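Working notes, beginning with the structure itself.
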Amino acid sequence: MGRKDPARHVESRRFCRRSDLCRVHHLRAPRRKFAELYPLQAESIGALPLPPSLWRWDGLVRTERGVYELRMDLADKPAGDGELVALEHHYFPDAPANSYIEVAKRLPEVQKVLWFSRFPVTRFHKEGDVAVVEISDIRFVQTRRDRPAPFTYRVRFSLDGNILSQGWVTR
């Protein structure tokens, strides 16, 4: 029994590695195939586990105009092309370019945010006379509707284009 134990240990580790590689391939394939089926010019592709289960994953595809999110469950059998297109997915479009967004993207702080954000989405809206540009990283899931998504950076402009405030959104 003494000599068989190390062999079993090595064999079980080999099996685990092979299983892990299959799971990683199982995660990559749907995201790449999703990008091919639509067809999307993917700038970045990633997958992140969705707590609390390691079986549910969030597949993300960054394109020139926004981010696609594809929810996956590793417990499910691999999806065929038709099933993959029918899977639940969301599209987070970037706001159309405007002068406020262009000025915001040239700010050093915003450039750091864009450098860090692997799946950034730019949003624009007005609050009265104030123009608001927000950049969020879709990797970080919004847990409550009454609060902004984590890692959202906001720049507020006056009508004449001056920056009123900028920084991380807290409420």
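Counting only residues that are surrounded by 20 or more Cβ atoms within 10 Å (Cβ to Cβ) and within 23 Å of residue 71 (Cα to Cα), which one in the range 123-148 is nearest to the chain's Cα centre (by Cα)?
Per the criteria, the residue is 138.
Can you find a residue in the range 122-134 that is assigned to a loop (DSSP other than H, G, I, E, B), at pLDDT 90 or above, farther than 24 Å from residue 41 by Cβ and among the acidic types (Asp, Glu)?
Scanning the range 122-134, I find at least one residue that is assigned to a loop (DSSP other than H, G, I, E, B), at pLDDT 90 or above, farther than 24 Å from residue 41 by Cβ and among the acidic types (Asp, Glu), so the answer is yes.
Taking the condition of being surrounded by 11 or more Cβ atoms within 10 Å (Cβ to Cβ) and assigned to a loop (DSSP other than H, G, I, E, B), how many residues in the range 149-171 meet it?
Summing the residues that are surrounded by 11 or more Cβ atoms within 10 Å (Cβ to Cβ) and assigned to a loop (DSSP other than H, G, I, E, B) in the range 149-171 gives 5.
Please work out which residue is farthest from residue 148 (Cα to Cα), limiting yourself to the range 92-136 and to residues that are in contact with a strand residue (DSSP E or B) (Cβ under 6 Å, 6 or more places away or on another chain) and among the small types (Gly, Ala, Ser).
Within the range 92-136, the match that is farthest from residue 148 (Cα to Cα) is 104.
Looking only at the range 89-99, decide whether some residue is surrounded by 12 or more Cβ atoms within 10 Å (Cβ to Cβ), hydroxyl-bearing (Ser, Thr, Tyr), modelled with pLDDT of 90 or more and assigned by TED's automatic domain parsing to the domain that holds residue 136.
No, there is no match, as no residue in the range 89-99 is surrounded by 12 or more Cβ atoms within 10 Å (Cβ to Cβ), hydroxyl-bearing (Ser, Thr, Tyr), modelled with pLDDT of 90 or more and assigned by TED's automatic domain parsing to the domain that holds residue 136.
The values are calculated or read from the model by the stated rules, or taken from the named source; none is laboratory data. Owing to the predicted nature of the structure, the values given are computational and were not obtained by experimental measurement. Cβ coordinates were reconstructed from backbone atoms using ideal geometry, including for glycine residues, and neighbour counts include every protein chain displayed.
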